[in-house]
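Each remark here refers to the structure printed beneath this line.
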Amino acid sequence: MFLSHIFAKTTKESSAESGSANADLLERGGFIHKTMAGVYSYLPLGTRVLRKIEDILREEMDTIGSEVFLPSLAPVENWQKTGRFETVNVLFQATPANAFSAKHNDAQYVLGSTHEEIITPLVQRYCNSYQDFPTAAYQIQTKFRNEPRPKSGILRGREFRMKDLYSFHVSEEDMLDYFFHKAIPAYTAFFQRVGLGEKTDIVLASGGDFSKEYSREFQTRCETGEDLIFHVPGSDVFYNREIAPSKARVWDNSSEEEKPREDVVGKGIIGVEELAEFMKIEVERTSKTLLLETDAGQFVAAVVRGGYDVNEEKLCKVLSCRSVRLASADVVKKVTGAEVGYAGPIGLPDDVRVVWDESTAGRKNFECGANKTHEHSININFGRDIEEPEQFYDIKTAKEGDCDPESGKTYETFYGSEVGNVFTLYTKFSDSFGFTFTDKDGKQKPVYMGCYGIGTTRVMGVLAEVCHDEHGLLWPENVAPARVHIVPIAKKEEDAPYKEALDLYTQLEKKGVECLFDDRLGDTVGSRLADADLIGIPLRIVVSEKTLKGKGVEVKERKTGEVTLLSAKECMQKIFS
Ligand code: ATP
Ligand code: MG
């Protein structure tokens with residue numbers, strides 16, 4: 001590939017927001033261009049990288065499923081059948097853009113954000129006997145999601161590329177076998193091959209409300225990642241914050257004398273930080289009480305120590321319910337007698353179940369809402385002001401500094417970017433479509449499913465985030481837009497360095513080694529070499545009058561910066577070694 005043939009050029013400036021290395025480097029390097037917020041065009045160099053990532057992915061996925069290509073326009077009815085038309089909060093739809101178009105077809109379609117609604121009835125059409133299972137299919141396609149905050153360049157877009165694979169099974173056992181022994185190893189192999197293996201961990205995450213099994217996320221350690229990961233030191237156990245079991249950092253005031261209870265007016269003060277400051281007490285002494293309602297209509301008061309948040313997923317597990325939601329302001333008023341912000345566990349109606357987090361145990365003289373607007377109770381003590389709970393639970397979202405309850409070790413925490421995930425779906429989608437099979441015994445049984453995603457454009461963005469230095473990108477060899485970047489330093493095409501360089505280029509290309517040839521002789525040498533660093537191809541070869549007078553060519557390893565002078569023959573040997 002000749003650099004002068006590529007219309008897209010490197011630039012000095014990018015439109016990237018600060019802190020987004022991938023957007024900045026990929027834009028300046030001429031890999032992508034921001035069309036609008038969350039929507040990018042992939043330029044010739046970027047398309048090459050993306051294609052390489054996706055080709056490697058195809059090779060790995062072909063070992064566990066077969067490739068298909070599904071439509072982006074989906075019928076609304078399919079989404080209504082699963083109940084997700086109303087609930088998926090990033091769903092886009094396509095409608096006619098103008099009156100002319102509407103005149104001949106006024107239909108409305110859902111734009112594909114994920115494809116369970118298409119693939120489930122599709123496989124159902126062909127697979128009805130136990131002999132047809134297990135089976136799995138995948139595709140690599142553009143997805144559309146109305147993300148509220150597209151950010152970090154191509155890490156989170158409104159339009160992005162994803163590989164999605166779906167598997168179908170006759171039993172839970174078979175689904176789990178595929179999940180653990182086919183999908184996860186194929187994912188591990190893929191991340192290894194694209195050069196992210198060392199930095200990518202398998203993290204336990206929420207399975208959603210339809211799955212008993214945790215999902216697994218492939219999280220690449222990356223400062224710009226959106227997920228906080230909790231690692232149990234010395235083990236291979238990693239949790240996404242959303243589900244990390246947690247034991248609060250110890251705050252022990254058990255030696256204090258019990259003080260008399262007081263109800264204090266703190267007008268309009270509702271946040272624990274503000275409250276602690278106002279009362280001149282430690283945040284740990286305060287309590288946050290939230291009133292929630294379960295899907296079964298039960299009211300629950302969840303109490304956590306100040307500084308923590310209630311984790312709805314953990315709370316659901318304690319209550320054995322599917323979902324909880326915050327009670328409305330009206331309900332809070334009716335149940336607690338106070339406006340939102342002053343709820344407390346003392347004196348609530350009998351039908352409200354109070355669930356205490358373990359972080360609230362063992363405290364003396366603590367604070368809680370008084371169930372009176374603007375009032376807070378202080379110096380509350382278990383046994384005296386309120387019955388000591390029989391059991392404390394873990395219903396809070398973990399924080400940095402918390403311990404893993406099982407090992408007692410303080411978590412190591414870091415940010416990760418979710419490059420892929422694997423989910424067990426059980427019979428959630430097959431139930432919606434009435435997808436059953438005839439088993440050996442002649443009985444109809446539900447089909448078990450799994451789904452497995454990898455964001456290929458996000459993988460490209462994460463590669464840029466973790467593989468760069470102050471001069472530019474450092475592509476791992478398997479995904480680099482080319483293996484060799486050749487820079488002839490000459491005034492004219494007739495000059496010896498240009499001819500030698502072109503000869504090298506022709507030989508390498510003939511042998512299947514992709515090269516980028518910088519034929520922009522009118523540009524300064526400095527800017528061309530800076531571009532080579534920015535573009536980040538693993539090996540740079542410079543041919544100049546000076547190198548020709550010496551051994552022949554100068555070879556630089558982009559990653560280490562190591563420079564060697566070699567003859568043309570030695571150079572070829574190095575490339576093929
Ligand atoms: P996230 O938590 O990051 O929103 P998700 O849970 O919505 O991801 P899935 O719907 O399972 O993820 O999508 C599969 C993969 O697609 C993700 O692991 C991620 O790599 C990628 N992905 C998801 N949303 C986006 C997006 N808006 N832009 C780019 N890639 C995305
Ligand atoms: Mg998402």
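The values are calculated or read from the model by the stated rules, or taken from the named source; none is laboratory data. Predicted model only: the values in this text are computed from it and were never measured. Every residue, glycine among them, receives a Cβ derived from its backbone with ideal geometry; neighbour counts consider all protein chains shown. Areas reflect the complete protein model, heavy atoms only, side chains present, ligands, DNA and RNA absent. Shrake-Rupley method; radii C 1.70, N 1.55, O 1.52, S 1.80 Å.
Taking into account only those residues within the stretch 121-147 that are more than 16 Å from ligand 1 (Cβ to nearest atom) and among the polar types (S, T, N, Q), which is most open to solvent (accessible area, probe 1.4 Å)?
So, considering only residues that are more than 16 Å from ligand 1 (Cβ to nearest atom) and among the polar types (S, T, N, Q), the one most open to solvent (accessible area, probe 1.4 Å) is Gln131.
Identify all residues within the stretch 207-232 that are open to solvent by 40 Å² or more (accessible area, probe 1.4 Å), more than 9 Å from ligand 1 (Cβ to nearest atom) and out of contact with any Cys (no Cβ under 9 Å at 6 or more places or on another chain); write none if there are none.
Phe210, Lys212, Glu213, Tyr214, Arg221, Glu223
Regarding the stretch 283-291, can at least one residue be identified that is among the hydroxyl-bearing types (Ser, Thr, Tyr), in a loop (DSSP other than H, G, I, E, B), in contact with a strand residue (DSSP E or B) (Cβ under 7 Å, 6 or more places away or on another chain) and closer than 30 Å to Lys409 by Cα?
Yes, the stretch 283-291 contains a residue that is among the hydroxyl-bearing types (Ser, Thr, Tyr), in a loop (DSSP other than H, G, I, E, B), in contact with a strand residue (DSSP E or B) (Cβ under 7 Å, 6 or more places away or on another chain) and closer than 30 Å to Lys409 by Cα.
Which residue out of Glu509, Glu554, Glu570 is of a type outside the set (A, V, I, L, M) and in contact with a helix residue (DSSP H, G or I) (Cβ under 6 Å, 6 or more places away or on another chain)?
Only one candidate qualifies: Glu554.
Could you tell me whether any residue of the stretch 114-127 is without any contact (Cβ under 8 Å) to a residue 40 or more places away in the chain, more than 30 Å from Asp177 (Cα to Cα) and not in a loop (DSSP other than H, G, I, E, B)?
no
For the stretch 188-198, check the following and say yes or no: at least one residue is closer than 30 Å to Ser246 by Cα, touching a residue at least 60 places away in the same chain (Cβ under 8 Å) and within 14 Å of ligand 1 (Cβ to nearest atom).
Checked against the condition, which is being closer than 30 Å to Ser246 by Cα, touching a residue at least 60 places away in the same chain (Cβ under 8 Å) and within 14 Å of ligand 1 (Cβ to nearest atom), the stretch 188-198 yields at least one hit.
I need the strands (runs of 3 or more DSSP E) fully contained in the stretch 489-566, keeping only those with at least 2 residues that are free of Cβ contacts under 8 Å to residues at least 40 places away in the same chain.
553-557, 563-566
For the stretch 1-21, enumerate the residues that are within 21 Å of the chain's Cα centre (by Cα) and at pLDDT 95 or above.
Scanning the stretch 1-21 gives no hits.
Mind listing whichever residues of the stretch 151-173 are away from ligand 2 (no atom under 15 Å from the Cβ) and open to solvent by less than 40 Å² (accessible area, probe 1.4 Å)?
Hits for the stretch 151-173 are Gly153, Lys163, Leu165, Tyr166, Ser167, Phe168, His169, Ser171.
Could you go through the stretch 469-486 and let me know if any residue there is free of Cβ contacts under 8 Å to residues at least 40 places away in the same chain and either surrounded by 15 or more Cβ atoms within 10 Å (Cβ to Cβ) or assigned to a strand (DSSP E or B) (or both).
yes
So, in the stretch 281-306, exactly how many residues are open to solvent by 40 Å² or more (accessible area, probe 1.4 Å) and touching a Gly at 6+ places or on another chain (Cβ under 7 Å)?
So the count comes out to 2.
In the set Asp439, Asp404, which member is away from ligand 2 (no atom under 16 Å from the Cβ) and under 26 Å from the mean Cα position of the chain (by Cα)?
Asp404
Which residue is most open to solvent (accessible area, probe 1.4 Å), if the candidates are limited to the stretch 520-541 and must be over 40 Å from the mean Cα position of the chain (by Cα) and of a type outside the set (Gly, Ala, Ser)?
Once the filter is applied, the top-ranked residue is Thr524.
I'd like the full set of residues that are small (Gly, Ala, Ser) and under 18 Å from Lys569 (Cβ atoms), limited to the stretch 501-518.
Ala501
Counting residues that are open to solvent by 20 Å² or more (accessible area, probe 1.4 Å), which strands (runs of 3 or more DSSP E) fully inside the stretch 316-435 reach at least 1?
In the stretch 316-435, 324-326, 352-356, 375-380, 412-426 are the strands (runs of 3 or more DSSP E) which contain 1 or more residues that are open to solvent by 20 Å² or more (accessible area, probe 1.4 Å).
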